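J.: I'd like to ask you about the structure that follows.
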Amino acid sequence: MKRAIIALLFGVLAVLGLVLILNFRGEDKIHDAPPLTPPAGESVARGAYLIRAGNCMACHTERGGAPFAGGRAIETPFGTAYASNITPDKATGIGDWSAGHFWRALHNGRSRDGRLLYPAFPYPNYTLITRADADAMFDYLRSVKPVARANTPHRLLWPYSTQAALAVWRAMYFSPAGRTDDAAQSAQWNRGAYLVRGLGHCSACHTTRNALGASSDLMDLSGGLIPMQNWYAPSLASPVEAGLHDWEPEQIVRLLQTGVAERGTVLGPMAEVVLQSTQHMSPADLRAMAMYLKALPRNTGDAAEERVAGARMAERGAKLYEQHCSQCHGEKGEGVPGAYPPLAGNRAVTLPVTANLVQVVLGGGFPPATAGNPRPFGMPPFATLLSDEDVAAVISHIRSAWGNKAGAVSEFTVSQQRGSIGP
């Protein structure tokens, strides 16, 4: 019995030791002191661009609050995390940080005091950011207006709120990395890969997460339901979802730059990404992203599993469509060029996951107002006008009409989603 207990203790100590080793791998000691001189103008401008490309303001700015002062709630299945103040205020922000501290936060997911950061901050992606880019981003943040705003404490469930649980999670799912170009690919492709995998952190939404909130592979962009938002980020590798293999690069650039293109329109969380981030990126970087996304390995999946046979309540759905939808989207789902997207042959309509369609019908759909599309046409919400059965019927009709061959959506699915987003 005593030997068994001793063996168990040694086993526990060995596991703890392994967790510690895995959590400190790839880390450099931070020796540099906080900078005393103002950053160079060129570095600030470059950092401002990179901060835009990483869409940092979207999370680190509370709605109606000061830029980068933190406080925005990030809902997760494990509770609520709150974005931190990253203005150069010394008491509540990062004014006492050095460039090395900032680099460690991006590269290793550690705060200035060594605390492990929660992966609501996408350091599993940001670990790929180069030191030069991290230093430029830090220089820009040093130049913004300091705001004295204490960080809001996270409200996470136990044991997810503990550093010990986070250390175990990191030992299982996180390993510091860096930018590594593929010599077999062009410089443009490698730039696109860097932006998509790292700074742009596209996999944070477009990859399925497991029960502990981890995604398996930054290169896996096969789609996933965004936790707590009930928007589905479609697969960027599947030609029946949002794969871009047969798009012209200019069409992809236009979509990321304006939010609308001949073959698609961005809505929901992606509309915010275009508004806050990609519309401000250079044409060269957008084209690099386009070339990388076009070259993703195709994942066609099993069509038999993706499509559920038949369309329920077809007659009712057709009548509802004629009454509420045909004025804008056309009697045959043809849409109006430049205003209302076609529904016939639209991959967003035939996605196997119907969360986005339900969101749009219930809450409306509004592309971003961008420089290239300053007055976008939008769709009003129908949550107070249509019942769950009505919504299920009209969506099922759209998914099976005009040559569309996707499965029906159930009234239960609509009810579940309505309950999660409110009336």
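J.: Rank the residues S235, S215, S400, S282 as a footprinting-exposure proxy: fewest other Cβ atoms within 10 Å of their Cβ go first.
T.: S282, S215, S400, S235
J.: Give me the distance in nm between label points sitting 7 Å out from Cα along the Cα-to-Cβ direction at N151 and A383, one decimal.
T.: It works out to 3.2 nm between the two label points.
J.: If you don't mind, there's one more thing I want to ask. Extending each Cα 7 Å along its Cβ direction at S186 and A91, get the distance between those two points in nm, one decimal.
T.: Taking the simple label geometry, S186 and A91 are separated by 5.4 nm.
J.: Provide R131, R155, R142 in ascending order of the number of other Cβ atoms located within 10 Å of each residue's Cβ, fewest first.
T.: Ordered from fewest to most neighbouring Cβ atoms within 10 Å, R131, R155, R142 come out as R155, R131, R142.
J.: Could you give the length gained by full extension between A284 and T130, i.e. 0.36 nm per residue of separation minus their alpha carbon distance, to one decimal place?
T.: So the extension gain works out to 53.5 nm.
J.: Let me ask another. Along the Cα-to-C-beta direction of R298, a point sits 7 Å from the Cα; which residues of segment 232-264 have their amide N less than 14 Å from that point?
T.: 237-247
J.: Another question, if that's okay. With point charges of +1 on the Cβ of Lys and Arg and -1 on the Cβ of Asp and Glu, referenced to the Cα centre of segment 26-173, which listed residue (C59, P159, I94) lies farthest in the positive direction of the dipole?
T.: Checking the options against the dipole of segment 26-173, the answer is P159.
J.: Along Cα→Cβ, 7 Å out, is where each label goes; now give me the distance between the ones at A45 and T208 in nm to one decimal.
T.: Between A45 and T208, the simple spin-label model gives 4.6 nm.
J.: Another question about this same structure. Before anything else, pin down the relative contact order of the chain: Cα pairs under 8 Å, at least 6 apart, normalised by residue count, whole percent.
T.: The value is 13 percent.
J.: In the Gaussian network model of the chain, springs joining C-alpha atoms below 10 Å, which of T208, T413, T354 carries the largest mean-square fluctuation?
T.: T413
J.: Relative contact order, percent, of segment 187-294 when contacts are C-alpha pairs under 8 Å separated by at least 6 residues?
T.: 30
J.: What number, rounded to the nearest 500 deg cm²/dmol, is the helix-based mean residue ellipticity at 222 nm of the chain, given -39500 (n - 2.57) per DSSP H run of at least four residues and division by all its residues?
T.: -12000 deg cm²/dmol
J.: A further question on this structure: Determine Rg/Rh for segment 187-294; Rg is computed over alpha-carbon atoms and Rh is the Kirkwood hydrodynamic estimate from the same atoms.
T.: Across segment 187-294, the Cα-based Rg/Rh ratio is 0.94.
J.: On to the next question. How high is the FRET efficiency between V336 and E250 when r is their beta carbon distance and R₀ equals 22 Å, given to the nearest 0.05?
T.: Computed FRET efficiency for V336 and E250 comes out at 0.50.
J.: Next question. Choose one answer from N356, N210, N108: the residue with the largest mean-square fluctuation in a GNM of the chain with alpha-carbon springs under 10 Å.
T.: Top of the fluctuation ranking is N210.
J.: Using the Cα atoms as the points, what is the convex hull volume per residue of segment 310-421 in Å³?
T.: 102
J.: What percent do you get for the relative contact order of segment 41-100 when only Cα pairs under 8 Å and 6+ apart count?
T.: Contact order relative to length: 19 percent.
J.: Can you sort V391, V44, V336 so the residue with the fewest Cβ neighbours within 10 Å comes first?
T.: Going from least to most buried by this count: V336, V44, V391.
J.: Right, next: If the viscosity is 1.002 mPa s and the temperature 20 °C, what translational diffusion coefficient in µm²/s does Stokes-Einstein give for segment 69-167 when Rh comes from Kirkwood over Cα pairs?
T.: Result for D is 153 µm²/s.
J.: So what is the diffusion coefficient of segment 317-357 in µm² per second by Stokes-Einstein at 4 °C and 1.567 mPa s, using a Kirkwood Rh over Cα pairs?
T.: 121
J.: Out of these labelled values of Rg/Rh (Cα atoms, Kirkwood Rh), [x] 1.07; [y] 0.94; [z] 1.00, which was calculated from the coordinates shown here?
T.: For Rg/Rh (Cα atoms, Kirkwood Rh), the calculated option is [z].
J.: Right, here's the next one. Cα extents of segment 153-242 along the three principal axes, largest first, in whole Å?
T.: Cα spread of segment 153-242 along its principal axes, largest to smallest: 46, 31, 22 Å.
Each value in this text was obtained by applying a stated rule to the coordinates, not by laboratory testing. Keep in mind that what you see is a predicted model, and the values were worked out from it rather than measured. All Cβ positions, glycine included, derive from the backbone under ideal geometry; neighbour counts span all protein chains shown.
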